[in-house]
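To start, the structure under review is shown below, and the notes come after it.
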Ligand SMILES: [Zn+2]
């Protein structure tokens, strides 16, 4: 076992005591020897990382070309994705008191299915999505909410909101993408109401696939997934960010192996 000093310490326990985990064309994952967080030792440059999101070349072009005219219903798999979103939103809504004005933020809102599910429940919805084209069909379908979907990094969008603004915040398959997840979680904590709830789903480093597939595990994508958690260290991480209660549970969908966490102030 080789122990190396990485340029970045672990975001959970601040320890620089980590070891090599896997490498992919120049990008290395290390694993913290203390809490077992797996993280990219040194990020790729911004341009390369953003290229991974837009899909590059043809996919990006095709999306840009069709996005201005598309509506939600023309999205392939519309009914399936909307039902999935309704189930996830119902789960989140169960965890919250639900008095007075109902405000919702989806971080990494992708095509806006969770926003749609929240609209059906009478929520005032806000979304954050880095890839502008993804969210265009939602904005075309619900133009009255298009000003409330922001194409920027969460950290920059969060500054718009007062303390204790949201009843429900979700980040489904998103926290693994955060460059500075501790600051991002602290911002979520700040803009969440005292009786609000933050629900996440993220890959689970202790899942069966991670164990059997090693470096072939699908969640290991060093341009996009910068920090990979397990149920145990995520509880410690959530508490470090200021949350009083962090409850982990089985995922909404297995995919490459995920877990869900419900965080309360
Ligand atoms: Zn650690």
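Among 204, 106, 152, 163, which is under 17 Å from residue 224 (Cα atoms) and touching a helix residue (DSSP H, G or I) at 6+ places or on another chain (Cβ under 8 Å)?
Details: 106 fails: under 17 Å from residue 224 (Cα atoms); 152 fails: touching a helix residue (DSSP H, G or I) at 6+ places or on another chain (Cβ under 8 Å); 163 fails: under 17 Å from residue 224 (Cα atoms).
On inspection, the qualifying residue turns out to be 204.
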Does residue 242 qualify as being assigned to a loop (DSSP other than H, G, I, E, B), more than 16 Å from the ligand (Cβ to nearest atom) and surrounded by fewer than 23 Cβ atoms within 10 Å (Cβ to Cβ)? yes
Selected residue (criterion: nearest to the ligand (Cβ to nearest atom)) from residues of segment 35-61 that are farther than 23 Å from residue 207 by Cβ, touching a helix residue (DSSP H, G or I) at 6+ places or on another chain (Cβ under 9 Å) and modelled with pLDDT of 85 or more: 43
Name the pairs: first residue in segment 8-19 and farther than 15 Å from residue 228 by Cα, second residue part of a strand (DSSP E or B) and near the ligand (Cβ under 8 Å from one of its atoms), Cβ to Cβ under 7 Å, at least 6 apart or on different chains? 15/32
Sort through 64, 93 and tell me the only one that's away from the ligand (no atom under 16 Å from the Cβ), exposed (fewer than 14 other Cβ atoms within 10 Å of the Cβ), modelled with pLDDT under 95 and in a helix (DSSP H, G or I). 64
Kindly indicate whether any position in segment 203-222 is touching a residue at least 12 places away in the same chain (Cβ under 8 Å), in a strand (DSSP E or B) and either in contact with a strand residue (DSSP E or B) (Cβ under 8 Å, 6 or more places away or on another chain) or within 16 Å of the ligand (Cβ to nearest atom) (or both). yes
In segment 1-34, residues that are within 13 Å of the ligand (Cβ to nearest atom) and modelled with pLDDT of 85 or more total 18
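The values are calculated or read from the model by the stated rules, or taken from the named source; none is laboratory data. Just so it is clear, the model here is predicted, and its values are computed rather than measured. Cβ atoms come from the backbone with ideal geometry, glycine included; neighbour counts cover every protein chain shown.
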